[in-house]
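Down below is the structure, laid out as structure tokens.
The values are calculated or read from the model by the stated rules, or taken from the named source; none is laboratory data. Since this is a predicted model, take the numbers as computed values, not measurements. Note that each Cβ is placed from the backbone with ideal geometry, even for glycine, and that neighbours are counted across all protein chains shown.
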Amino acid sequence: MSTIRSAHLALWGVYALTGLTHLGALLADASLVARITQPMFAPLLIAILVTAAPQRSRTTSLLLGGLTCAWIGDTIGQVPVANAGLLAIVGFLGALIFYAAALAPLWVRSRDPMRLALAIPYGAVVIGLFVACADGAGELLPMVAAYAVALATMAFLSAGGNGLTWTGGTLFLLSSSLLGMDWFLPGASIAYSTELVMLTYLVGHAMLVAGMIQAMPRHRWTATAPGAALVIVEP
């Protein structure tokens with residue numbers, strides 16, 4: 001096994017360990033550990049992506065943009081700044097837009113008319129949650145509306161990649177739905193809601209990135225293998 005491949009797999013192990021540590025900290029109410037570990041998720045996924053992508057491409061650039069926005073969203077909520085909630089929403093909104101742009105070419109190439117039917121359940125979930133949470137959103141309502149549209153779009157387009165991107169996009173939808181209910185739905189009471197939000201977010205994010213890596217025509221470890229020819233057919 002090549003060194004770069006070993007490093008890539010090791011980074012997945014570090015991501016899993018960091019995620020488990022974060023979830024354990026939430027369960028144990030160890031807020032300091034939780035605040036330290038959450039901003040580590042996106043940088044680890046960036047390192048995982050960089051060790052897999054053989055060269056910079058449109059898709060890689062969009063994924064890096066999305067992960068950077070996700071890092072801003074993960075980090076801003078851990079520091080005492082004004083309007084932290086709004087800034088976190090802006091960060092994750094940016095991540096969803098980048099991910100949707102990265103997924104769109106895969107969805108177009110799949111040409112599976114059955115996947116159009118997914119717009120119905122995804123759209124229904126997002127519209128239902130938006131209507132239910134509208135009163136509690138207050139002045140954040142326009143931002144929540146934009147986020148809802150971006151979330152439904154990204155989840156819908158994720159079905160055009162492969163099983164990993166599809167599952168990842170669906171888990172993203174579930175995570176954000178739980179978070180929206182927790183923040184904006186008066187009287188909503190979900191046991192272990194914070195832990196469930198982070199579990200679905202961690203796994204969904206990982207599967208989305210893993211699916212996009214799987215969809216790459218070549219990887220860094222195959223492109224640099226002895227005698228290998230590098231041919232990139234990615235837009």
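The table below lists the values:
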item: Residue in segment 105-119 that is of a type in the set (Phe, Trp, Tyr), at pLDDT 95 or above and closer than 22 Å to Leu171 by Cβ present; result: no
item: Of residues in segment 3-30 being among the polar types (S, T, N, Q) and surrounded by 14 or more Cβ atoms within 10 Å (Cβ to Cβ), the one farthest from Tyr192 (Cα to Cα); result: Thr18
item: Residues located in segment 39-68, provided they are surrounded by fewer than 21 Cβ atoms within 10 Å (Cβ to Cβ) and within 18 Å of Leu151 (Cβ to Cβ); result: Leu62, Gly65
item: Matching option when the condition is free of Cβ contacts under 8 Å to residues at least 60 places away in the same chain and under 13 Å from the mean Cα position of the chain (by Cα), among Gly65, Gly77; result: Gly65
item: Some residue of segment 210-226 being of a type in the set (S, T, N, Q) and modelled with pLDDT under 85; result: yes
item: Hits in segment 36-58 (condition: part of a helix (DSSP H, G or I) and within 12 Å of Val209 (Cβ to Cβ)); result: Phe41, Ala42, Leu44, Leu45, Ile46, Ala47, Ile48, Leu49, Val50, Thr51, Ala52
item: Test result for Val33, surrounded by fewer than 20 Cβ atoms within 10 Å (Cβ to Cβ), among the β-branched types (Val, Ile, Thr) and assigned to a helix (DSSP H, G or I); result: yes
item: Test set (1) more than 15 Å from the chain's Cα centre (by Cα); (2) modelled with pLDDT of 85 or more; (3) surrounded by 22 or more Cβ atoms within 10 Å (Cβ to Cβ) - Gly168 fails condition number; result: (1)
